[in-house]
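Report on one structure; see the data block that follows.
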Amino acid sequence: MKLADILDKEILVTGYAVHKSKFKDEMYLTLQFEIDSIKRIIFTGSGVLINQIETYADKIPFYAIIKNFGKYFAFT
């Protein structure tokens with residue numbers, strides 16, 4: 001799935017992993033979640049989402065909505 005496909009929709013975050021990109025000197029997030037009772041994953045380089053998921057890792061599983069705030073994406 002693409003991040004754009006789940007914007008503004010409630011998802012159940014079930015897991016994640018943060019990895020170093022092979023192509024850039026940056027990190028990316030693999031986000032595991034359920035939407036409509038179907039397990040899915042997305043990949044994103046969003047620094048805000050990476051920081052938020054690491055901050056709230058001890059709360060997994062949790063429900064969230066990902067919103068586009070113009071210059072960044074964030075869980076709400």
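Numerical summary
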{"item": "Scope segment 1-55; condition touching a Ser or Thr at 6+ places or on another chain (Cβ under 8 Å) and among the basic types (Lys, Arg); matching residues", "result": "Lys39"}
{"item": "Residues satisfying the stated conditions in segment 15-34, i.e. polar (S, T, N, Q) and over 10 Å from the mean Cα position of the chain (by Cα)", "result": "Ser21"}
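Here, each number is a calculation from the coordinates, and none is a lab measurement. Since this is a predicted model, take the numbers as computed values, not measurements. Using ideal geometry, Cβ is built from the backbone for each residue, glycine included, and neighbour counts are taken over all protein chains shown.
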